[in-house]
Amino acid sequence: MGLFDRFRRVVKSNLNDMISKAENPEKMLNQLIVDMNQQLIESKKSVASAIADEKKLERQIQENHAQAQEWERKAMLALKAGKEDLAKEALLRKQDFEKTAAQYKEQWEAQHASVEKLKTALRGLQQKIEEAQRKKNLLVARARRAEAQKKIQETLGGMADTSAFSAFERMSTKMDQIEAENEAMGEIEDMSATDTLESRFAELESSKTNAGGDAMLEDLKKRMALEDKTGDSGTSSAGDSDVSLDELKKKMQQDEAAE
């Protein structure tokens with residue numbers, strides 16, 4: 001059983017060393033399974049060697065029994081020939097081979113018991129490695145989940161830094177300012193367009209007013225020419241001229257007021 005004690009010591013030593021240096025759990029577990037399988041191969045070789053020794057002892061037993069039987073046959077042959085001394089020698093040789101066979105049998109029984117224990121331990125070791133393989137898969141899944149959670153926590157921790165959110169706030173404020181400036185420029189352009197339109201209408205109205213003044217001036221000229229032709233030097237004519245002048249002034253005042 002020292003073989004498997006050595007196996008356990010080697011695996012435990014490798015495991016402790018790997019755990020202390022572990023950076024990648026999945027890689028560590030895979031390597032551990034590889035090491036365990038390698039140790040299992042070595043253990044199988046040792047068990048196979050023990051089985052071979054058992055079979056060799058078994059053959060030695062069979063050969064010595066066969067030799068004992070052969071010398072018994074020769075002793076019987078000597079007795080039939082009336083040679084008791086020769087038969088006695090043959091029986092002594094038979095006894096030697098039987099003793100040797102008995103000694104080999106004792107060794108074989110001890111070896112057989114040891115081999116059976118080794119076989120049992122080897123089967124248990126194989127089951128342990130299979131169990132370790134299953135646990136490895138579970139541990140790898142847990143390690144991956146833990147790593148994913150760690151990355152999420154690191155991401156959330158990084159987002160807790162207000163500098164990123166402040167940058168968004170500053171950018172939002174800047175966009176609001178740009179949009180407000182664009183709206184103001186739009187209003188200014190609309191005002192410029194309105195001022196231009198109003199100035200054009202004012203110019204049009206001014207031209208109409210000037211046209212009315214021109215017409216009035218022409219009418220006045222016509223009336224003055226007519227009066228020059230039909231001029232009357234009497235008092236009544238002077239009075240009529242005063243009245244016409246007053247009316248003209250009133251009309252001009254009315255026109256100015258209308259403007």
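Assess whether Asn24 counts as being polar (S, T, N, Q) and either at pLDDT below 60 or touching an Asp or Glu at 6+ places or on another chain (Cβ under 8 Å) (or both).
Criteria not met by Asn24.
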Tally, over the range 97-116, of residues that are over 28 Å from Lys45 (Cβ atoms) and of a type in the set (A, V, I, L, M): 2
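Residue-by-condition table, conditions (1) within 30 Å of Ile51 (Cα to Cα); (2) surrounded by 10 or more Cβ atoms within 10 Å (Cβ to Cβ); (3) of a type in the set (Asp, Glu):
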position: Ala113; (1), (2), (3): yes, yes, no
position: Glu131; (1), (2), (3): yes, yes, yes
position: Leu139; (1), (2), (3): no, yes, no
position: Glu154; (1), (2), (3): no, yes, yes
Residue check, Gly82 surrounded by fewer than 17 Cβ atoms within 10 Å (Cβ to Cβ) and not in a helix (DSSP H, G or I): yes
Given (1) surrounded by 14 or more Cβ atoms within 10 Å (Cβ to Cβ); (2) modelled with pLDDT under 90, number of the condition Ala101 does not satisfy: (2)
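Only one residue in Ile61, Ile33 is β-branched (Val, Ile, Thr), modelled with pLDDT of 95 or more and either within 30 Å of Ala121 (Cβ to Cβ) or surrounded by fewer than 16 Cβ atoms within 10 Å (Cβ to Cβ) (or both), so which one is that?
Criteria check complete, one pass: Ile61.
The values are calculated or read from the model by the stated rules, or taken from the named source; none is laboratory data. Computed from a predicted structure; not experimentally measured. For neighbour counting, all protein chains shown are included, and Cβ atoms are generated from backbone atoms with ideal geometry for every residue, glycine included.
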